[in-house]
Amino acid sequence: MIFFLAATALLIQGQPDLEAPSDFAPRVVAALSQEIVEIRSDFAGADIILFGAVTGLEDTDDLVIVVRGPQTDLRVMRKERTFGIWINRAPVRFADVPSYYSVASTRPLGDVGTFSSLRRAGIGLEHLRLSAPDSERTEVRLGVEVTVSDVGDEIIEYRDAISRNRRRDALFAETASGVQMLEGGLFRATVALPPATPVGNYTADVYLFRDGRAVASGSVALEVHKAGMERLIYEFAHQHGWLYGLVAVALALLFGWGAAAIFNRR
Amino acid sequence: MQIYLPIAEISVNIFLLLGLGLGVGFLSGMFGVGGGFLMTPLLFFIGIPPAVAVSTEANQIVASSASGALAHWRRRSLDIKMGLLLLLGGTAGSIAGVQLFAFLRSLGQIDLIISLSYVSFLGVVGGLMFIESVGAIRRRGREKTATQPVSKRRKRRLIDRLPFKTRFPSSGLYLSVIPPIIIGFFVGVLAAIMGVGGGFIMVPAMIYILRMPTSVVVGTSLFQILFVTALTTFLQATQNHTVDLVLALLLMVGGVIGAQLGARAGRKIKAEELRIALALMVLIVCTKLGWDLVATPNDLFAILPMQEGGH
């Protein structure tokens, strides 16, 4: 399975003609310096190089790289002061929030793409789709389908809170000059995985922007998993919980008894 | 040097963990307390998820209480009958506590409840201990002139009217079985929710409520703590998968060495001064946790994972 992933992940060609009809379509090819990141006991984050080439690159073109981690559901709660104490209130469930999300580009995103093209592809922290399905419904207003939130305008604060929280742990990031253009349509960027990087399957998408729109893209897969001792312990704890518990207790008893025996002899 | 903890899923400095174990172990050896009430909040402060901190700390307390319990067992300075009754209540309490923990976690209120429990218990215990030891030091000054009148006669209290009375030969008591079971249950719940052994609740309860002789109090309390924390570790590991073996082992290494050193240092200091110092320490931890509850947080939003299927 891992071998298969690695093989297919290595080079995936871009799909030409995303939006712009062009006489000859540019193509993006990308690869990673490492397709599998192993979390071992000494894991303290990792830097991975994403590199590739663009055919048919023009001088005014821009590149944007988006790395998305595995999606999870989150609960965001607002703290409110009750009897002088701050208590978590008003939970809102957000579905399919990427646990890791980083954007690197050649120039600031606002200069690279139009609002609608960035929004459509979910590029950039302010365009990242964060949906709270339980508190949302679609309504037809003035003949247009719009999403209305039960939480009202506050939903924006909730979204901002997710992004702020993740940026603090470097799990969300946006770097306006993160992509380096080299000669001959080659490019490279560093994907920084912080110590808190969650395990799972990641995708790195490379978008080629021309005149404010994405005209080509390519994507590479990345896998983060626990390895060695960390993996053994984690799997043991989750698959044989009761045995793990017994081992934990036995080790503690041995430790306490052993320490007493050693120190009493002196 | 950083080490990645497989269950807590964060990377922590290994020397920080060893140092914490050593420091808290030293204090617990010096003061003769379990140290869980200090270690668990410290683990929160360095970023260990509360669920993992509480469960793992229970595991560490197994190690730190094992040697003490063994020593008392050899000297027979414990009331086994009382210990078994406390344990009976403790077992039920621990089971209930682990369920309550999981329930509160699903509500997103576990951090609040843990903090509130700490603030209230540490505040009461620390405050009482402080007042009591200051009083003891004052009395020491006056002892030469006047002796305290000690009333030997015990009033008949509510506790003496309860049914199911039985004899506790080691403690020299004739008492209902209900109070020990209730105290045990209460401490079992605390062990599961707060990640403490509960000695700081149980020892005063044994002395002031059950009126056990002090000679068997510490041994009996350690006996109960050992079994209840062992059970809590097992239940948390089975049900919530929140015991981090790597973290536990690092804390144990520092803890057992620190406890031995602390015990040696403690013999050189007078008991009352030691108690005042412990009371102050308890009050400092209490104040810090209490302040965090009322101070305006940096971020008014909390991001919590959804709980389906464990971690």
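Read-outs: derived from the displayed coordinates by stated rules, not from any lab. Everything quoted here is computed from the prediction, not taken from an experiment. Every residue, glycine among them, receives a Cβ derived from its backbone with ideal geometry; neighbour counts consider all protein chains shown.
Within 10 Å of each Cβ in peptide B:2-12, how many partner chain Cβ atoms are there on average? Round it to a whole number, please.
Mean inter-chain Cβ contacts per residue within 10 Å come to 6.
Across peptide B:232-245, what mean number of C-beta atoms from other chains lies inside 10 Å of a residue's C-beta?
5
Modelled label-to-label distance, A:Val146 and B:Trp73, 7 Å Cα→beta-carbon offset: nm?
7.1 nm
How would you rank B:31-38, B:275-282, highest first, on the average number of other Cβ atoms within 10 Å across their residues?
Taking the mean over residues of other Cβ atoms within 10 Å, the ranking is B:31-38, B:275-282.
Arranged by the count of other C-beta atoms within 10 angstrom, fewest first, what order do B:Arg167, A:Arg119, A:Arg78 take?
B:Arg167, A:Arg119, A:Arg78
If you look for lysine pairs in the protein assembly as shown that are eight or more places apart or on different chains, how many of them have Cα atoms under 25 Å apart?
Close lysine pairs under the 25 Å cut-off: 8.
Can you find, among A:Asn264, A:Val112, A:Val151, the residue sitting farthest towards the positive end of the charge dipole of chain A, where Lys and Arg contribute +1 and Asp and Glu -1 at Cβ?
Farthest towards the positive end: A:Asn264.
Between the range A:114-174 and the range A:85-102, what's the alpha-carbon centroid distance in Å?
12 Å
To the nearest 500 deg cm²/dmol, what mean residue ellipticity at 222 nm is calculated for chain A from DSSP H runs of n ≥ 4 alone, each contributing -39,500 (n - 2.57), summed and divided by the residues?
-8500 deg cm²/dmol
If I fit a long axis through the Cα atoms of helix B:36-45 and take the longest principal axis of the Cα atoms of chain B, what angle between them do I get, 0 to 90°, rounded to 10?
20 degrees
Within 12 Å, Cβ to Cβ, of B:Ser55, how many net charges do the neighbouring residues add up to if Lys/Arg are +1 and Asp/Glu are -1?
-1
Cα centroid distance between the range B:171-225 and the range B:70-125, in Å?
10 Å
What list of ³J(HN,Hα) values in whole Hz, one per residue of the range B:189-195 in order, does the Karplus curve 6.51 cos²θ - 1.76 cosθ + 1.60 (θ = phi - 60°) give from phi, with Gly and Pro shown as x?
In residue order, the calculated couplings are 4, 4, 4, 6, 8, 9, x Hz.
Modelled label-to-label distance, A:His225 and A:Glu157, 7 Å Cα→beta-carbon offset: nm?
Computed distance between label sites A:His225 and A:Glu157 equals 4.3 nm.
Could you tell me how many degrees, from 0 to 90 and to the nearest 10, lie between the Cα long axis of helix B:50-75 and the main elongation axis, the longest principal axis, of the Cα atoms of chain B?
Taking Cα atoms only, the helix is inclined about 30 degrees.
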